[in-house]
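Comments concern the structure below.
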């Protein structure tokens, strides 16, 4: 029995994941008619086989049990539900999705970003698509990778499949559009530097260390520029208040763990907004 290989292009969960990320990039670029969003709405719904399969992926990615027996029963039930899908229709729908996506985007680039829980996506795919073609070792390995993911272990702190880590990273993707809209409601159009911050944020969804390094590199430059502009302000009261605000740049733009999050990114965007407003004084 030959090894059954994983395919990113045929993995329904990853297809949706990468398209969702592209939606956030399109929103950032002020593309109101995101082709990625159109594909998601048209293809991934309750009336399509790929939409039904995505629902099964999401259950395995998000559902948590404290009991191994419940987790085992749950996975077995999900696999039974998967068997009810029409595979020929499913393959055709995936083929059409990729064909349409290729019309709008560079597929290699679209699928190049790192997915933190990639191993789980791959295991789900292998059990869904190749259960009958997997050898005993592969079947067991992939089965228990998923069991581990859906089982909550309170004493585990640094595992790839920790629910909190998954939730945080997924929420960063899903909340990105809301973050952008919220900021734009309160302030005027984004500056190039603000766009750069948001682009770095979404591009490093799975690598907060990279984004943290970017922020730590930008903060001294921004702080120096703000101090230079504030030094030219003649109103003493306003000058003191602005100096106090600048003194807190590092505190507000990095949380206690020194890792940026939605709140700290919003603060950083506000400091860039302050920089823009100081140009008018």
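The values are calculated or read from the model by the stated rules, or taken from the named source; none is laboratory data. Since this is a predicted model, take the numbers as computed values, not measurements. All Cβ positions, glycine included, derive from the backbone under ideal geometry; neighbour counts span all protein chains shown.
Per the listing 182, 126, the residue uniquely at pLDDT 55 or above and surrounded by fewer than 15 Cβ atoms within 10 Å (Cβ to Cβ) is 182. Against the numbered list (1) surrounded by fewer than 19 Cβ atoms within 10 Å (Cβ to Cβ); (2) out of contact with any helix residue (DSSP H, G or I) (no Cβ under 8 Å at 6 or more places or on another chain); (3) in contact (Cβ under 8 Å) with a residue 12 or more places away in the chain, residue 52 comes up short only at (1).
Can you spot a residue in segment 15-26 that is assigned to a loop (DSSP other than H, G, I, E, B) and in the same structural domain as residue 87 (by TED's automatic domain parsing)? No, segment 15-26 contains no residue that is assigned to a loop (DSSP other than H, G, I, E, B) and in the same structural domain as residue 87 (by TED's automatic domain parsing). Evaluated against (1) surrounded by 13 or more Cβ atoms within 10 Å (Cβ to Cβ); (2) in contact (Cβ under 8 Å) with a residue 40 or more places away in the chain; (3) more than 26 Å from residue 113 (Cβ to Cβ), residue 66 falls short on exactly one condition, (1). Taking the criterion of being under 25 Å from residue 22 (Cβ atoms) and either not in a helix (DSSP H, G or I) or not assigned by TED's automatic domain parsing to the domain that holds residue 54 (or both), the residues of segment 65-109 that qualify are 105, 106.
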